[in-house]
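This report refers to the structure that appears directly beneath it.
Each reported figure results from applying straightforward, stated rules to the coordinates on display, with no laboratory input. Bear in mind that the values here come from a model prediction, so they are computed numbers and not experimental data. A quick note on method: Cβ atoms are made from the backbone with ideal geometry, for glycine too, and the neighbour counts reach across all protein chains shown.
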Amino acid sequence: MSTVRDDMPTVLIAGGSGLIGGHLTRHFKDRGYRVYKLTRSPKKHGQIYWNPAQGKINTSKLAKVDILINLAGENIGSKRWTTERKAQILSSRVQSTEFLASIIPQMTRLKYYIGASGVNCYDAIPDEVFSEDAPYGHDFLAQVVQDWESAHQQVLKQVQGAILRISMVLSRHGGSLQLMKQPIYWGVGAAVGPGTQSSPWVHIDDLCRLMLFAYDQRLKGTYNVLGANSTNKEMTQRLAKWMKRPLFMPNIPAFFLRFLLGERAVLVLSDLKASNQKIIDAGFTFKYSSLDSTFKSFFKKP
Ligand SMILES: NC(=O)c1ccc[n+]([C@@H]2O[C@H](COP(=O)([O-])OP(=O)(O)OC[C@H]3O[C@@H](n4cnc5c(N)ncnc54)[C@H](OP(=O)(O)O)[C@@H]3O)[C@@H](O)[C@H]2O)c1
């Protein structure tokens, strides 16, 4: 049971109704922080209306905010990347962030800002491990990240803070892991493409701890956020083991996945390794840097 304490900071999470926002809210509340969330459809206590596309917001709590965390953006993996969807993915991030930048002067107590971004911003080259100083890549996601981060900079001109390039978030409550679990549960799980392609990932608890750490340490700059990089085959096999399900299907061919998912198949087919050295050097310790420790926290026994 969490108890909000008056001497603790107030956090405002833009896009707080999603997967990360839900977990982050519990994480902060458990530590006594007061949490408000900006959402386009407020339903519960603590949720505040905004509509960044229309430049609308309920301003009543803005002067109380100490920490602003910006997660808002249309879900990247849920729909086919048509031209229209791509425009929504981009504008939902850039517009909301620019809108937040425009209302920062009303947040008179604001001390710290965290802008979410994505680690899929480098030109994936097998066997290269990307650190934050690598240039942006050239595909759609890299373009989204570049424009999103440049919008974050408009906020960071006004308040100190950091940009977190988040990798695939592993949570027992949804997101990518949920999608991977379903076929494995039904006995038709398989690695995709060659299976040797790597993806960076982070346990949701570590991500939440890292956000709190960033605030406590008043981190500045841009950080890759990942517990480790794992191949698709490794992840599928470890997951099946922890779910106690057999895995006997051949890999799903890349061409079939591209046919099924269209361009967003890059989310599972690209071969990217990123470095978490910068955040470790800043003093952060990941609790979960292996798939087994992560899945153990979700499933208890293999
Ligand atoms: N989950 C991951 O694996 C992962 C990895 C890397 C980066 N990220 C980034 O981290 C952020 C949060 O991720 P998540 O998994 O929690 O996402 P999510 O579950 O899809 O939630 C996204 C949030 O953004 C808000 N939103 C969606 N479209 C919007 C729009 N047009 N205008 C304003 N707000 C909008 C939604 O709020 P309402 O609908 O309530 O307004 C929702 O709360 C995202 O920007 C995502 O790109 C996530």
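Residues that are buried (at least 16 other Cβ atoms within 10 Å of the Cβ), in contact with a Cys (Cβ under 8 Å, 6 or more places away or on another chain), in a loop (DSSP other than H, G, I, E, B) and not aromatic (Phe, Trp, Tyr) are absent from segment 210-222 altogether.
Please verify whether Pro183 is away from the ligand (no atom under 11 Å from the Cβ) and in a loop (DSSP other than H, G, I, E, B), treating the condition exactly as stated.
Details: away from the ligand (no atom under 11 Å from the Cβ): yes; in a loop (DSSP other than H, G, I, E, B): no.
Against the criterion (away from the ligand (no atom under 11 Å from the Cβ) and in a loop (DSSP other than H, G, I, E, B)), Pro183 does not qualify.
If the condition is being acidic (Asp, Glu) and either in contact with a Phe, Trp or Tyr (Cβ under 7 Å, 6 or more places away or on another chain) or in contact (Cβ under 8 Å) with a residue 60 or more places away in the chain (or both), then segment 144-164 contributes only Glu149.
Counting just the residues of segment 55-78 that are farther than 24 Å from Tyr215 by Cα and in contact (Cβ under 8 Å) with a residue 40 or more places away in the chain, which one comes out nearest to the ligand (Cβ to nearest atom)? Steps first, please.
Of all residues in segment 55-78, those farther than 24 Å from Tyr215 by Cα come to 55-58, 74-78.
Right, trim to in contact (Cβ under 8 Å) with a residue 40 or more places away in the chain and you get 55, 57, 75-77.
On the way: Gly55: 12, Ile57: 11, Asn75: 4, Ile76: 5, Gly77: 8 Å.
The residue in question is Asn75.
Residue pairs whose Cβ atoms lie under 6 Å apart, sitting 6 or more positions apart in sequence or on different chains, and linking a residue in segment 105-124 that is under 20 Å from Trp201 (Cβ atoms) and outside any strand (DSSP E or B) to a partner that is among the aliphatic types (A, V, I, L, M) and away from the ligand (no atom under 16 Å from the Cβ), are Tyr122/Ala134. Consider segment 27-54 and keep the residues that are within 13 Å of the ligand (Cβ to nearest atom) and among the charged types (D, E, K, R). The one that is farthest from Val65 (Cα to Cα) is Lys43. For the residues Leu260, Leu239, the requirement of being over 21 Å from Cys121 (Cα atoms), free of Cβ contacts under 8 Å to residues at least 60 places away in the same chain and assigned to a helix (DSSP H, G or I) singles out Leu260. Filtering Ser176, Ser171, Ser167, Ser92 for residues that are within 12 Å of the ligand (Cβ to nearest atom), touching a residue at least 12 places away in the same chain (Cβ under 8 Å) and over 20 Å from Val225 (Cα atoms) leaves a single hit, Ser92. Checked against (1) surrounded by fewer than 18 Cβ atoms within 10 Å (Cβ to Cβ); (2) under 20 Å from Gln154 (Cβ atoms), Arg40 passes all but condition (2).
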